[in-house]
Every structure is written in structure tokens, then in C-alpha cells.
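Quick note: the coordinates plus some simple rules give every number you see, no bench work behind them. Owing to the predicted nature of the structure, the values given are computational and were not obtained by experimental measurement. Every residue, glycine as well, gets a Cβ built from its backbone with ideal geometry; the counts of neighbours run over all protein chains shown.
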Amino acid sequence: MTVHSDLFINRELSWLEFNQRVLDEAAETGHPLLERLKFLAITASNLDEFFMVRVGGLQLLAREGHRGKDASGLSAAEQLGMIDHRVRKMVEDQYACFHDDLEPALAAAGLQRVRADTLDPVQEQVLEQIVEGEIYSVLTPMAITADQDCPLLIGGSLCLSVRLSDTADGTPRFAWIPCGRTCPRILTLPSEGGYAFMLLEDVIAVSLSRFFPGEEVLECVPFRITRNADLSIREDAAADLLEGMQQILDARKASHCVRLELADEADPLTREFLQDLFDVADEDVYPIPGPLDLTGFFALTDLPGFDELKDAPWPPVASPAVDPRISLFDVLAETNVLLCHPFESFDPVVRFVEEAAVDPDVIAIKQTLYRTSRDSPIVKALARASELGKHVTAIVELKARFDEARNIEWARRLEQAGVQVIYGVRGLKTHAKICIVVRREPGGIRRYMHFGTGNYNETTARLYTDISYLTSDEELGADASSFFNTITGYSQPQKFQHLEAAPIGMRERLLELIESETRRKRQGQSARILAKMNSLVDPKLIRALYEAGQAGVEIRLNVRGICCLRPGVEGLSENISVTSIIDRFLEHSRVFHFHQGGNGRTFIASADWMPRNLDRRVELMVPINDRAAAQRLVEMLSICLADDVKGRSLRGDGGYIPPPLQPVATGNGTTDTRGSGGRSQRLLYDEACEALRRQEESHRTVFVPHRAPGHESTEA
């Protein structure tokens, strides 16, 4: 790869800046308290995955002496050094937020963390019952010696290292108490008001005499390891992909340790003992100045009875385009339906598959499944359809990272129900979001499709912003059938008439669309590109955007996470702006609009602009030719790009600028707040509510009489 460090921001450092923006939300006093705690827990969860996947892979490259550089000009070793510096500052900020701000505020609001020295007699009595019934009978201490093989600990799980009195010859004695995943991290204690709780590790620490009767305990400190999860299967050598993926899951349990976290008060003797056992270098040890694994505090954010400490709910609203009294197939035979989740309900997508499963006119269903919920109604509907004699094909991606086990289980259940299950495509991940329903109607065979930017997961559809497009467009239907036949058979990859697919042409089509805007601008025409995605990494697309911007094309990008493009740099990207939105819903939709001289082309896609999506995944980009739907998407893009409350602007050096504070009049004078009300998620939710209100109001003005059977009106 040709390196041009002045053109590209390093992707790992860009990701860490994304996580910093999430952490900034935890520090934002304008949020309700438990929402701030949730943002803090999210930053910890994000860091866990970052170390498992990105740091684990870089460590392997560095250990192998890999000298290649990324597009920003950094080697694996150099990236690890910069990551280490940035993460340590982030951890410091996390715990400053927790100790100095959130924990005192939680206590003041009635959510009190109890320590051993603050237990009252009633709490002590209850604690004894908890220890005896829920902890001592479940957890098992393990004696550990330096000369034994390291016991297999689950990566990411909390463990306590207990140092007992030395042996007669002065050898230190250690025992571990793995907390596993059975005992809850947050343990409820009685309280006269509010909610009192104690952390599991603190409960164990005050109960050590129960685990080690008659022993002198010198030290008890929590620690946690993170294992490398950047493991992949050699598909060319795997006779059975299902079995091969199970082996990958087993291998993760014993993969090398990429990070050791332990309490910062740990004795150097304990630290050295753990480092030796796990073969961890000094730079991979993170002393933690507070409770390890802040993800455990997610449990507090769902407590009942503290609604004033949470966001007011924004329940998804029904789409005015979908009448629940009419079959979805009748609706789609007449019109296309665009849904903006989670502002509009995901129910029509679930209903689409459930109706197809029991509709006697449906003869086939074909669907991709990447990530699903634990109790997926869509998967159940596919199984039901097969049991009713319909031809059902499911492409279940077994290689969906961290969802492999669930997908293996769903694949087995679907096979038992008679579904034709395809385990993705060899060498690629199937990440496209598509479902086809084939129906026999009086006019002949008709295809109905759902295309989406997000997963077929009704749970995350309430938390992520995504787009669904339901249609019976014949041309898209022909392409959709060809897409499935290409994947499920041995057909050669092909270009489609309207759809664009990765890895066989999506990047080329995007380059063509960008270059078309460049040519038009050079010819004196108006030119503009609006795009919304999760990540922008691909060097070829970034270079094309630079060239378009230098030609004068207005380029406005909404990139939630990683962005390797440097905007606003003189002589390079003055005409390019990048906005990132972090708000109550995770921004996840991919929408692209190209002005095309006034004949705009608008697309939705399952793919981000990253090499992994464009080269190593099966993805789809879908043209939205319905004029009203396309216009709505462009309006949505404009709202997101104008967000002056939650939108932050990317600088050319990789940092982000928050919206400027603006004075707002209050009863006590003025106060400073972000923006002037242009919070995109709030605006989009209000828009969805207003559309439904208008529809309901219009229905109330129409009088439809009930008639006796056989006397229905024949008036037109």
C-alpha cells in the first residue's frame, strides 16, 4: 500500500476519538443521570471489543515482526504505542467521571453503593444470607502456583486474586476466585429509602474467611484479562464450516491475553505473578483506579422506580404508510414503504415475514440473517413457513463476530424445520440485508422485497437508527432473485441491472458516482454529495472525494465512527465537511445521495465505505427510485448534517469540535446550551409522530357506515 500520512487519519486513533465522544456524553450534565451512567458503561464495552479485535490483531502483527505500514504511515508497533498512550488517558477520564461526578450524584439521588465499613446491622445480616445462598455455594477458589500451567479463565470476566500467608520457605501463596457469569455483579441490600447495592467483588472481599477459614489473607485484588478474538477460520481447510466455527469459539477461550486490568492498589508481587502467568508485557497492564469492568453498571440503568433519572421514552410510532387492517402484500402491490427506525416501528418488517409464513399464496421466502435477537420472531416465522410447505432459504452468516454461537444454534433449528440453510459464502461474510417473498397471484408470480441498512433484529431496531425499504418493484425483484441465486449456487458473480453488490462492483459504482459529480462541477454544473455511514476508511474512495472537493463539489458527510479522511485542509479538502452524531440512539443507517445535475440518485446500503465491506463482505447498495421516498431520505440527511446539538465537526487533525454554546433565556436570566434546537434525532422522532397524528386526524374526518352483509355500497 502506498503510504500518504498527510492524507489519512489512522483508523485506530479515529475509533478511539469516537469512543471519546461517547465518553463526552457521559460527562454531559444535560443528560439524566442514569443515561450518563449508560454512556460510561458503553465506553467500557466499546474498549473491551476494541482490545479483543483491533489490539489483538495488531499485537500478532508486531510479534511476527510485520513491518508494513497502514495508509496513515504507521507500523503495527507504532500504532500500539499510540493506542496505549490514548487509552490510558481515556481510562483516567472514565474514572474521573465515575468518581468525581457520577457516583456522588447517584448517591445523592438515592442509588447508594455500600462499602464494607458502611454496612448497617440489617445489611450485614442480609449480606450473610447472600454469601451463603448465592456466592459461597456457587463460586470455587483455585489454588495457583507459579510453576503450573495457567488456569483457563474466561476473557472479560472478573476474578479476585487472593494472596495468603507465605509458605515456610517464604514462597508466596495465591488463590483465585473466578466470578464467572452466574452471580450478579450488583447485589441489592435493604435500604430505608432509595436503592442500596454492593459490588460482587466487595462482597467476596468481606467474606474471605468463609472461603479460606483459618488462613491469613494478605491481599485481595480484582483483576480481569482480555483475550484476542481476532481469529478466523481457514475455510479452504474446513470440511464442515459449522464445526470449524465451533472450534474458533473454543480457540477464543484460550487465545493470548492482550490486556491485563487489575486494581491499582495491587502489590507489585501480585502484579508480577499475574504478568508471568498470562505472559503479559508491562505495556499491556492497566492499573484501574476504581471498580473494574464498568459495563457491570448497565444493570443500574434499568432499575425500576427511577424514571426521573432516565430519558423520557420515545416509543417507536406506527408508519402512516402501513395500515394494520390491510395485508402488507396489498399495501406493497400499490406503493413502496420507507421506514426510518427506531422513530418508526420495526413491526412491519417482522409482520412482512410472519404474514408470508402463513399466506397460502406465498410459495417461497429467501432471507439473509447476520445478527438476530435471542428469541427472534423472524427466525421462528421462517421455520413455520417451511413446516407449512413453503420453500424457504436462509443465508445464515456463521462468521458474524460475537454472534457465532447464536447463529450456529439458529442454523441448526432452521435445518431441523426443513429450511435450506446456506452458511454464507466461502471467504466472505454475508452482511447484506435482504428478504424476498415470492407469491402466486392471479396476474402471475410476484416478488415482494425488504431491503435494509440494519439487521433483522427487532431488539436493536429500537436502539439503532436504520432504514427499511419494502417494495414490489419488478426490476429490483429480478436483481434480488439473481443475487440469491448467485450466492446459493455456483453461479459466477454478476453485475445487476439496478442493485450494486460488494465485492463485485460496489466500490466501482461509488467511484463512478463521485467522479460524475467531479466532471459535472468542472463543466460548470452544480454538484453535491451527501452521505451518511458508520465508517469511512477506504483509501480509493477518500482520494476520489478529495479530487471531487478540489474540483469544487460540495461534500457533506455524516460519519458516526471511524473517519480516515481529513476534512477542511487547505489545498486538499476545503469543500468537505464531516459531522458525527452521538445521541440516545446509535447512528447506524447508510444513505448516499448524489446530485447528478438535479436528477439526484439516492441509495441505501448495508455497507460502510471500508475495505472490509467492499472487498471481504457480500453487501448490497439499493437505489431508491421512488421519488417521495428518495426525497424523504435527502431531508433526513440534511437534518443530520445540520445537527447543532449532538453533531460534532471533525477537524483535519482528527479531533472533533462540539457545537458552540449559545445563550438561552431562562426564568433566572440566561444559560448556555448547545445549538438552537436542531437535535436531529429529536426532530426525526417528532416528524414521525406528526406524520402519524396527521394520518389519524384525517381518518377521523371520514365517516364510513357499517352496512348489513350483502348491502355494501357499489359507489365508486
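Figures for the structure shown
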{"read-out": "Virtual spin-label span in nm between Glu334 and Asp166, 7 Å along Cα→Cβ", "value": "8.6"}
{"read-out": "Cut-off under 5 Å, modelled amide H: who pairs with Ser157 long-range", "value": "Ile225"}
{"read-out": "Dipole moment magnitude, nearest 20 debye, the chain about Cα centre, only Lys, Arg, Asp, Glu C-beta charged", "value": "2860"}
{"read-out": "Restricting region 352-425 to chymotrypsin sites (Phe, Trp or Tyr not before Pro) in coil, as DSSP defines it, with at most 16 other Cβ within 10 Å", "value": "Phe402"}
{"read-out": "The chain, relative contact order in percent, only Cα pairs under 8 angstrom and at least six apart counted", "value": "11"}
{"read-out": "Linear extension gain, Arg651 paired with Ala96, 0.36 nm per residue minus alpha-carbon span", "value": "197.2 nm"}
{"read-out": "Helical contribution to [θ] at 222 nm, DSSP H n ≥ 4, -39,500 (n - 2.57), averaged over the chain, rounded to 500", "value": "-10500 deg cm²/dmol"}
{"read-out": "Violating pairs (Cα-Cα greater than 30 angstrom) within the set Lys89/Lys429; Lys433/Lys540; Lys89/Lys646; Lys429/Lys646; Lys495/Lys521; Lys433/Lys495", "value": "Lys89/Lys429; Lys429/Lys646"}
{"read-out": "Where labels lie 7 Å past Cα in the beta-carbon direction, separation of Arg88 and Arg627 in nm", "value": "6.2"}
{"read-out": "Region 305-457: C-alpha gyration tensor shape, a/c 1.5 cut-off, then a/b vs b/c", "value": "oblate"}
{"read-out": "Cleavage-rule hits, GluC sites (Glu not before Pro), region 45-111, DSSP coil, Cβ neighbours within 10 Å at most 16", "value": "Glu64"}
{"read-out": "Potential lengthening between Ser191 and Asp279 on full extension [0.36 nm per residue; Cα-Cα distance subtracted]", "value": "27.3 nm"}
{"read-out": "Projected label distance in nm at Arg612 and Leu388, using a 7 Å step from Cα toward the beta-carbon", "value": "3.8"}
{"read-out": "Tensor-based shape of region 501-664 (alpha-carbon gyration tensor, a/c under 1.5 rounded, otherwise prolate or oblate)", "value": "rounded"}
{"read-out": "Global form of region 493-595, assessed from the alpha-carbon gyration tensor, a/c cut-off 1.5", "value": "oblate"}
{"read-out": "Correct choice for Cα extents along the principal axes in Å that was computed from the model, options (1) 81, 61, 57; (2) 96, 72, 71; (3) 92, 66, 53", "value": "(2)"}
{"read-out": "Förster-model FRET efficiency, 30 Å R0, Ile154 and Phe212, C-beta, rounded to 0.05", "value": "0.85"}
{"read-out": "Vicinal HN-Hα couplings computed from phi for region 161-167 (Karplus, 6.51 cos²θ - 1.76 cosθ + 1.60; Hz; Gly/Pro x)", "value": "9, 10, 9, 9, 4, 5, 6"}
{"read-out": "Ala263 long-range amide H proximity, modeled H, under 5 Å", "value": "Ile288"}
{"read-out": "³J(HN,Hα), Karplus 6.51/-1.76/1.60, whole Hz, each residue of region 530-536, x for Gly, Pro", "value": "10, 8, 10, 7, 7, 8, 10"}
{"read-out": "Full-extension gain in nm, Ile363 to Glu78, via 0.36 nm per residue minus C-alpha separation", "value": "96.9 nm"}
{"read-out": "Cα long-axis angle, helix 404-416 against the chain (0 to 90 degrees, to the nearest 10)", "value": "50"}
{"read-out": "Antiparallel bridges, percent of DSSP beta bridges restricted to region 501-664 (to nearest 5)", "value": "60"}
{"read-out": "Degrees separating the helix 268-278 axis from the principal Cα axis of the chain, which is the longest one", "value": "50"}
{"read-out": "Cut-off under 5 Å, modelled amide H: who pairs with Leu388 long-range", "value": "none"}
{"read-out": "DSSP-loop trypsin sites (Lys or Arg not before Pro) across region 403-487, with at most 10 other Cβ within 10 angstrom", "value": "Arg426"}
{"read-out": "Rounded to 5, percent antiparallel among DSSP beta bridges of region 328-494", "value": "70"}
{"read-out": "Pairwise FRET efficiency - Gln695 versus Glu441, Cβ, R0 = 25 Å, nearest 0.05", "value": "0.35"}
{"read-out": "The chain: antiparallel DSSP beta bridges as a percent of all, rounded to 5", "value": "70"}
{"read-out": "Residue-by-residue Karplus 3J(HN,Hα) for region 74-85, coefficients 6.51, -1.76, 1.60, Hz, glycine and proline x", "value": "10, 7, 4, 5, 5, 5, 4, x, 6, 4, 4, 4"}
{"read-out": "Using alpha-carbon coordinates, inclination of helix 241-252 to the longest axis of the chain, degrees", "value": "30"}
{"read-out": "Ordering of 335-345, 21-31, 469-479 by burial proxy (mean other Cβ atoms within 10 Å per residue, highest first)", "value": "335-345, 469-479, 21-31"}
